[in-house]
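Below: one structure, written as structure tokens.
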Amino acid sequence: MTGPPPKTRVVILGGGTAGWMTAAALVNQLGHACSVRLIESEEIGIVGVGEATLPHIRHFVEALGLDETDFMKATHATFKLGIEFHDFGKIGTRYLHPFGSFGAPLNDVPFHHYWLRLHAEGRGGELWQSSICNVMADRKRFAPPPPGSTLYNYAYQFDATLFGPYLRTYSLARGAVRTEGKVVDVEVNGEIGDVVALKLESGERVGGDLFVDCSGFRALLTGQTLKEEWEDWSRWLPCDRAVAMPCTSPPGGIEPYTRAHAMTAGWRWRIPLQHRVGNGYVYSSAHIGDQDAADALVAAVEGTLMAEPRVLKFRAGRRTNSWSKNVVSIGLASGFLEPLESTSIYLVQGAIAQLVELFPIGGIRDQDRDEFNRAVDVEYDRIRDFLILHYHATSRDDSDFWNHTRTMEVPDTLLSKMELWRRSARVAKYSQGLFFEPSWVAVYIGQNVIPHGWDQRADLSGSDQLEAAVARLRTRVSDAVDAMPDHSEFIRRHNATIEKPAG
Amino acid sequence: MNDRRRIRSIAVAGGGIVGLSAALAFARALARTQVSVIETPPDPAALADRLPTALPGVERFHSAIGIAEAELIGGGIASHHLGTMFDNWSAAGEPWVHAFGDYGKPAGAIPFDQIWVRAHKLGKALQYGCYSVGAALIRAGKFVHPSPDPEFIGSRFLYGLRFDPDRYRELLRAKAAAAQIAFRAGDIAEVERSDTGGISALRLAHGRSVEADLFVDCTGPSARLIGALDDSVEDWSAWLPFGWLTLSEEPSDDVPAPASRIRTSDDRWTAFLPLRGKTLMATLARETGDVMVTRSRRLRPWVKNVLALGDAATALDPLQGTNLDAAHSAILLALELLPSRDFHAVETEEYNRRAEQVTRRVRDFVALHYMRGPWREFAGQEPPDSLARTVDQYEHRGRMPFHEDESVTRESWTAALLGLGIVPRNVDPQAGAVPLDKTVTAMERLVGEIEAAVEHVPDYSQYLA
């Protein structure tokens, strides 16, 4: 009888959000099957602007056994009910993409079909009044959904530079080992091409069985060493830079949502945390210069600047193979989709879940790599189409940037989704992927893509009867929100308020 | 405004169970649409009509067409169906049961079958079927409705229904007549094409013509309507090698067993479907039989204004009783995605895309039984990619790969995989983290709970009385 198999030696390169999320999940779920060592250098900064998340982050926090209050306090977090888009379809318009649904289906037909029918008759009011998330956001209220409820959900807005260190403390307490240092050389097995060890500036050699490349855009292992191909998507998503800048919080309550304001050559985020507001302008360098972008950002933000504007460069796309040889790339090393829908941390989380599910047993198999890459591709491809929609579904003709995105050729997959919507008010349904029907409906309606037709079953009830039912629904939503506390007040009651606002 | 788009009339060709079910579903959901049924002669190879079995979840379809379980059971039209016993269908010839619903209890996010594999490898587990309350009811020949209390073990199983084909058809026909559905007798003499490539009318044998906005082809594998428009068919016979069907029945007890039974012999297998007062027997063989059934799928079940349902769309081996269930799902999907009257390809292709994903995985599930069962010498050398991936991932570590719109549950897959002797070679590291003593104790306790729960269930005869 042999003893237990030797532990798989996992080496994670890079201590940003992706690196420490991976380390935390591995020590928590597979601590008995692997050893985790993370190499990071204090000299190399992290991108760390990913401050806005999606509701899936709650599962991640919960699976690690973290206490929500403690986590929120540590990361200066606020609650998030969705993203409010300004000026995307047309200057002067706005809509919220809520983490929740619009109304409720009736006789198997989704609510928006009934709304469209009333809308065509000039009745029915605004769609957003039937979404509890929207009304909460509008009134800056917050309360968590009752357990088991699927009516709405929430995420967090937090300080990404605090999230990594928080998970570092967690991981180190559970057996992960941190090594400070810069990688100067990568030792590769000449025959099979696997990475064998990383050599550090100090002269130390760190060997491993499985390497996780969380080195960000540099992609030291997957890009520089293994030369994995990069699929470029900038023809559809031309934004390739961001200038970021925190400001002091304006007076008044904290908004429980993120804002995205369309600009002449991209868009600008506004993410309210407990102690400050994160701002940034994501732009296309082909359409605006760095200085002009920074000036435009400074002119647009509220509050006092807390730091000088900082420019980041990136490009939209993904690796053809996120897992190649014995290197799994997670985070920016694997792909990048701009933060318009707060998907970065979600993509990291999804890749980690797949890695845990496919964690090598006695060696890495081709079939497992293929499965990992298949799952990652599906996520990227579907999010890509959803992001492109925000730029393409517009009547804006006030700048070269918007003229480009409005008239560009979009992927066939998106083209048929939009055509299906225009003709029938239906959203192409997939059981896998991030954004489901309510998300697509929010963007379509919010950006004024109004379908010509709808489900014919929605025509079966009388207009007056339907209008009365919609009005009752709206009153119920409104009353429910009235009973909820103010967002800032809720954070206080939740004991998640940070003691001393940091600088 | 929407009136220009509305489908005003639907003609269903085929008066079997599938055709009547579709007609009823459309008529009830679309109150302003005229629905008629053309009662063409039945196709002897239409398995969804001739071997009607419903899987768990059928109540959703039945409520859509206004049928209550009580009237089916009370009228002797249907009996409860807990699963299928495979007497000798495995490489080793061992019996196994595919019971609907849960096997064991998961440990947090870790599925029970992975926990079972670990205990099994250490010699600390009973046969997989011992952890299913559905399988225990089948062995005891008992039935009861699942308990509404999720904490009680008696809640952790599901059931479908087996129908007496003639009685079920009669009930559907009576319901259809009551729903103002018009019936036209007679065979189709000619399919008249429209300028746009669809069908404008069907001319019947006695000369009368039926026009409609939408034509629904429920004529069985002969696909009399859609076959006139489109001939793209994917052949599945390499993976489902048995095609010769013989149906018969014999009188039996009025109290049927709550499960079907499959027995193999030489170059054939026979399904025994117990009904009230008789047993329906279906034999499928490689080389001889009464009727040849195709195993294939139409690549485009919806073309222009013609929708094919049941065996006209997908003809599948009846081993797991999925034929009528596939038709039910397709009818509900057609209602969910009902196109506008011009039947633009972007709308019908969305139906075709979703229908394909569901049917491929059902095919994979049935093909698995040939790929790794007693007939592996007859099955094609290369299984479909999606099935190969499923078997590879399961055999390696008990993982079930994701597939879009999968309708076969993980519980059904694992019951069949483990039943066929496909036991994972490795214990998944996540399952390895669960403390073994606790696992073994919990599994032993579960077996005791199942035994106690089943002992208190009365015999099926008392339940039916």
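The values are calculated or read from the model by the stated rules, or taken from the named source; none is laboratory data. All values derive from a computational prediction rather than experimental measurement. For neighbour counting, all protein chains shown are included, and Cβ atoms are generated from backbone atoms with ideal geometry for every residue, glycine included. With ligands, DNA and RNA removed, areas are computed over all heavy atoms of the protein, side chains included. Shrake-Rupley method; radii C 1.70, N 1.55, O 1.52, S 1.80 Å.
Some values worked out for this structure:
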item: Residue check for A:Leu200: surrounded by 19 or more Cβ atoms within 10 Å (Cβ to Cβ) and touching a residue at least 60 places away in the same chain (Cβ under 8 Å); result: no
item: Of all residues in segment B:185-219 being in contact (Cβ under 8 Å) with a residue 40 or more places away in the chain and open to solvent by 60 Å² or more (accessible area, probe 1.4 Å), the one that is nearest to B:Ala31 (Cα to Cα); result: B:Glu211
item: Any hit, segment A:64-75, residues being β-branched (Val, Ile, Thr), in contact (Cβ under 8 Å) with a residue 12 or more places away in the chain, open to solvent by less than 10 Å² (accessible area, probe 1.4 Å) and under 30 Å from A:Leu30 (Cβ atoms); result: yes
item: Failed item in (1) of a type outside the set (Lys, Arg); (2) under 30 Å from A:Ile388 (Cβ atoms); (3) touching a Gly at 6+ places or on another chain (Cβ under 8 Å), with A:Leu221 passing the rest; result: (3)
item: Within segment A:144-166, tally of residues that are open to solvent by 60 Å² or more (accessible area, probe 1.4 Å) and of a type in the set (Ser, Thr, Tyr); result: 2
item: Residues of segment A:113-147 that turn out to be under 25 Å from the mean Cα position of the chain (by Cα), outside any helix (DSSP H, G or I) and within 22 Å of A:Tyr257 (Cβ to Cβ), as a count; result: 9
item: Leading residue by the ranking (modelled with the highest pLDDT) among those in segment A:30-55 that are within 14 Å of chain B (Cβ to nearest Cβ) and either within 13 Å of A:Tyr170 (Cβ to Cβ) or in contact with an Asp or Glu (Cβ under 7 Å, 6 or more places away or on another chain) (or both); result: A:Val36
item: Filtered residues of segment A:460-486 (kept if farther than 30 Å from A:Phe79 by Cα and either of a type in the set (Val, Ile, Thr) or buried (at least 21 other Cβ atoms within 10 Å of the Cβ) (or both)); result: A:Leu466
item: Among the residues listed as A:Ala353, A:Ala375, A:Ala296, the single one being of a type in the set (A, V, I, L, M) and open to solvent by 50 Å² or more (accessible area, probe 1.4 Å); result: A:Ala353
item: Residue list for segment A:433-467, filter: aromatic (Phe, Trp, Tyr), assigned to a loop (DSSP other than H, G, I, E, B) and away from every other protein chain (no Cβ under 14 Å); result: A:Phe435
item: Any pair with Cβ under 6 angstrom, 6 or more apart, that starts in segment A:417-432 at a residue that is more than 7 Å from chain B (Cβ to nearest Cβ) and ends at one that is assigned to a helix (DSSP H, G or I) and surrounded by fewer than 20 Cβ atoms within 10 Å (Cβ to Cβ); result: A:Val427/A:Glu437
item: Condition check for A:Arg384: more than 14 Å from chain B (Cβ to nearest Cβ), open to solvent by 20 Å² or more (accessible area, probe 1.4 Å) and under 22 Å from the mean Cα position of the chain (by Cα); result: yes
item: Output for segment A:271-293, where each listed residue is surrounded by 19 or more Cβ atoms within 10 Å (Cβ to Cβ) and within 15 Å of A:Thr248 (Cβ to Cβ); result: A:Ile271, A:Pro272, A:Leu273, A:Gln274, A:Arg276, A:Val277, A:Gly278, A:Asn279
item: Check on A:Val410, away from chain B (no Cβ under 14 Å), part of a loop (DSSP other than H, G, I, E, B) and under 27 Å from B:Leu338 (Cα atoms); result: yes
item: Residue ranges of helices (runs of 4 or more DSSP H) in segment B:390-463 with at least 2 members modelled with pLDDT under 95 and either open to solvent by less than 50 Å² (accessible area, probe 1.4 Å) or not basic (Lys, Arg) (or both); result: B:429-432, B:436-455
item: Selected residue (only one of B:Arg32, B:Arg60, B:Arg28, B:Arg50 is buried (at least 22 other Cβ atoms within 10 Å of the Cβ) and not aromatic (Phe, Trp, Tyr)); result: B:Arg50
item: Condition met for A:Val188 (open to solvent by 20 Å² or more (accessible area, probe 1.4 Å) and in contact with a Leu (Cβ under 6 Å, 6 or more places away or on another chain)); result: no
item: The one condition in (1) buried (at least 24 other Cβ atoms within 10 Å of the Cβ); (2) within 14 Å of chain A (Cβ to nearest Cβ); (3) touching a Lys or Arg at 6+ places or on another chain (Cβ under 6 Å) that B:Ile10 fails to fulfil; result: (3)
